[in-house]
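Down below is the structure, laid out as structure tokens.
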Amino acid sequence: MSQIPTYTVTIRVKAPFNSKVTANLVRVFADKGAIVTGIDMVDSDNEWILADITAMVKDHPHAEEIVQDIARVTGSKVQGIHDAVVQAHLGGKVEIALKRPLNTRQDLSRIYTPGVAEICRRIARDESQASKLTIKRNTVAVVTDGTAVLGLGDIGPKAAMPVMEGKSALFKKFAGVDAWPLALDTKDTEEIITIVKAIAPGFGGINLEDISAPRCFEIERRLKEELDIPVFHDDQHGTAVVVLAALINALKLVGKNIEDIRIVVSGVGAAGNAIIRLLKKQGAQDIIGCGRAGSLGAFREESDPDRNWIAQNTNPRQVEGSLKEVLVGADVFIGVSAGNLLTADDIATMNDDAIVFALANPTPEVNPLDASRHAAIVATGRSDFPNQINNVLAFPGIFRGLLDIQAREVTDDMLRVAAQAIADAVPPEKLSPHYIIPGVFHQTVSRDVARAIREEFRLHCEGKRVEAGKKPLGLVN
């Protein structure tokens, strides 16, 4: 599947003056598959023009290829490439800002010494006051070790920082949550757990990000057991929530019930595991998880405990075979694995009114255009096709709700109501095969998700008894 130009660059060109100079330059861009979006004249005389040409390209290497052709084809001189993405990252993307004025001696005495001492004494007497009187009330740590970043893999903690900063920016933009990126220079599971536990007093929640499987399962599990603030692994639970939201609406359109359908999930890592667990909580009965070696089931013991849970708790018909083989007769395909695993002919073997969520990025498991020839509804993880499954619909609102109630954990019921809130953001009269999930800039979805979390907590307090041995949810003071 060819990559769509989505990367913006501005190339400054000094070109020999003639009547066709700009047309020739634009032609070079077009011949290389780029899209020119603007030409700004900087200077000119009788011999040369100096122009800034802004274009959409595939990536920076693509821009470098265009630069070489500009010099070769037109005899022009390229004076530089202004990379809009690089410019957006100069100095980082987040900062600390003051919430109170600090202009006078009186301001200083209130915010710092001597006034702050009384606040310290209050918290020392009652540690719960920290959630009322410090940034803990509204702050999340975005924690990574840089081992599973986007589709780049293990690139290390420093290279992972731009993603963590971006995540923090999304928290602030969509939910008003102050999030801070913490990139840890260790891959040791025990060391990561120890570090996160040590920094937890300053945060109201922990968002684990881009930590490779299977270590991410153990890290999340242990931290949930040992901390009194919510721990959320977005690669798992954020993905699962948005997938469930999209599936709720897709099933409405095709007139099927989740209890009756056959679901095939390609990929049994962090995301696949969480998706399968949440779908089962929602009532799905017939799910088959597929890894590189084919379907999982009770017929094969898995060495990894999380994969083995899938093997022992799914695939009720004990279907053995490759992904292509077990896809025959399925109602839903969910891919969180790798690109180009399936073809249009494979989708044709699915049940009538099939639903396809091909979420591998940037190359989906099946070309969306090919899948749409046979499937009733197609979704991807990409922004250049309809129905983008994007975690930003979930995690800001989920944490907004968790912080509002000072939750001590994230429950399955919270994840389910979050998914329902996202699904409900698309009114029934507007549902269509091309619109099953709200866009990432939907104006109310984060507030809707936060409200659903708060309402679930209220119902829990009013009518549900906490299971024995589980930590109770906290409550806003």
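The values are calculated or read from the model by the stated rules, or taken from the named source; none is laboratory data. Quick caveat, the model's predicted, so the values are computed rather than measured. Note that each Cβ is placed from the backbone with ideal geometry, even for glycine, and that neighbours are counted across all protein chains shown. Areas reflect the complete protein model, heavy atoms only, side chains present, ligands, DNA and RNA absent. Shrake-Rupley method; radii C 1.70, N 1.55, O 1.52, S 1.80 Å.
Please compute the contact order of region 271-369 in relative form: average sequence separation of alpha-carbon pairs under 8 Å and at least six residues apart, divided by the residue count, as a percent.
Relative contact order, region 271-369: 22 percent.
For the chain, with all protein chains present and a 1.4 Å probe, just round the carbon and sulfur fraction of the accessible area to a whole percent.
C and S atoms contribute 51 percent here.
Rolling a 1.4 Å sphere over the protein heavy atoms, what is the accessible area per residue of region 228-371, to the nearest Å²?
Counting only protein heavy atoms, the per-residue value for region 228-371 is 36 Å².
For region 37-113, just say rounded, prolate or oblate: build the C-alpha gyration tensor, square-root its eigenvalues into a ≥ b ≥ c, call rounded for a/c under 1.5, and beyond that prolate if a/b exceeds b/c, oblate if not.
prolate
What value, in deg cm²/dmol to 500, does the helix sum -39500 (n - 2.57) over DSSP H runs of n ≥ 4 give at 222 nm once divided by the residues of the chain?
Helix-only estimate at 222 nm: -11500 deg cm²/dmol.
What's the center-to-center distance, using Cα atoms, between region 252-306 and region 16-91 in Å?
With region 252-306 and region 16-91 each reduced to a Cα centre, they are spaced 49 Å.
Obtain the radius of gyration and the Kirkwood radius of the chain from its C-alpha atoms and give Rg over Rh.
Result: Rg/Rh = 1.03.
Just give me a number: lysine pairs in region 1-123, eight or more positions apart or cross-chain, with C-alpha atoms less than 26 Å apart.
Counting lysine pairs in region 1-123 gives 9.
Starting from the Cα of Lys252, draw a straight line to each of the lysines and keep only those under 24 Å, dropping any in the same chain fewer than 8 residues away.
Lys280, Lys281, Lys430
Quick one: dipole size for region 278-356, taken about the Cα centre, charges +1 on Lys/Arg Cβ and -1 on Asp/Glu Cβ, in debye to the nearest 20.
In debye, rounded to 20, region 278-356 gives about 240.
Compute the label zone of Ile155 within region 354-389: residues whose backbone N is under 17 Å from the point 7 Å along Cα-to-Cβ.
Answer for this model: 361-363.
Using a Debye calculation, one point per C-alpha and no hydration shell, please list log10 I(q)/I(0) for region 162-255 at q = 0.12 Å⁻¹ in order.
Here log10 of I(q) over I(0) equals -0.45.
So if I place +1 on the C-beta of Lys and Arg and -1 on the C-beta of Asp and Glu, and nothing else carries charge, what would the dipole magnitude of region 226-324 be about its Cα centre? I want it in debye, nearest 20.
Roughly 540 debye, rounded to the nearest 20.
How far is it, in nm, from the label point at Glu65 to the one at His89 when both lie 7 Å from their Cα along the line to the Cβ?
2.1 nm
Across 10 Å bins from 0, what is the distribution of all Cα-Cα pair distances for region 93-196, in whole percents?
13, 30, 31, 20, 6, 0
Could the peptides 197-206, 242-251 be put in order, highest first, of the mean number of other beta-carbon atoms found within 10 Å of their residues?
Per-residue mean Cβ counts within 10 Å order the peptides as 242-251, 197-206.
If packing is taken as the mean number of other Cβ atoms within 10 Å per residue, what is the order of 209-221, 116-128, highest first?
Answer by packing, highest mean first, reads 209-221, 116-128.
What does the net charge come to around Phe171 if you take all other residues with beta carbon closer than 10 Å to its beta carbon, with K and R at +1 and D and E at -1?
My count for the surroundings of Phe171 gives +3.
For a test of the definition: using alpha carbon positions, the gyration tensor, and the 1.5 limit on a/c, classify region 285-400 as rounded, prolate or oblate.
Verdict is oblate for region 285-400.
As I understand it, the dipole of region 34-74 uses +1 on the Cβ of Lys and Arg and -1 on the Cβ of Asp and Glu, about the Cα centre. Which of Thr74, Gly38, Ala63 lies farthest toward its positive end?
Ala63
Using a probe radius of 1.4 Å on heavy atoms only, what accessible surface per residue do you get for region 1-106? Whole Å² is fine.
Value for region 1-106: 64 Å² per residue.
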